[in-house]
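Below is one structure; the comments refer to it alone.
The values are calculated or read from the model by the stated rules, or taken from the named source; none is laboratory data. Note that this is a predicted model, so its numbers are computed, not measured. We place every Cβ from the backbone using ideal geometry, glycine too, and count neighbours over all the protein chains shown. Calculation scope for accessible area: heavy atoms of the full protein, side chains included, ligands and nucleic acids excluded. Shrake-Rupley method; radii C 1.70, N 1.55, O 1.52, S 1.80 Å.
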Amino acid sequence: QVQLVESGGGLVQAGGSLRLSCAASGSIFSINAMGWYRQAPGKQRELVAAITSGGSTNYADSVKGRFTISRDNAKNTVYLQMNSLKPEDTAVYYCHGAAATWIAAVGGGSWGQGTQVTVSS
């Protein structure tokens, strides 16, 4: 079993920065692909950024150049550095982990409880 716990959300003005953290515990050896998703009110949940245990990354077009995902395997923690925040970034952000990308693609894997990010104008 794997447990994921997010932290670092909060309220920030447009143009500001936040850093989210996701700590994994339990049977973490099965986690290869990790990512951050977000869901805004009235919208579908979307993938923001993803990273493998080997360090390969990808990003949604809407956050490229502003967000950076990183992973500290020794600490079993993944981070999302968010810069130049916009009101459109307001959402609940969820950490996700899966043994393979196909599991994530069908909605499987483990989810954190979510952390609220609110960006004011």
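Here are the numbers for this structure:
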read-out	value
Relative contact order (%) - the chain, alpha-carbon pairs under 8 angstrom, separation at least six	36
Set of aspartates and glutamates with alpha-carbon distance to residue 75 below 17 Å, sequence-local pairs under 8 removed	6
Computed magnitude of the charge dipole of the chain (debye, nearest 20; Cβ of K, R +1, Cβ of D, E -1)	80
Among 49, 105, 40, residue whose mean-square fluctuation peaks in a GNM of the chain (springs only between Cα atoms under 10 Å)	105
Derived scalar couplings ³J(HN,Hα) [segment 68-78; Karplus, 6.51 cos²θ - 1.76 cosθ + 1.60; whole Hz; x for Gly, Pro]	9, 9, 9, 9, 10, 5, 5, 9, 6, 9, 10
Within straight-line cross-link reach of residue 43, lysines at Cα separation under 28 Å, skipping those fewer than 8 residues along the same chain	64, 86
Rounded percent of accessible protein surface that carbon and sulfur make up, the chain, 1.4 Å probe	51
Candidates per trypsin sites (Lys or Arg not before Pro) in segment 63-101, loop by DSSP, up to 12 other Cβ within 10 Å	64, 75
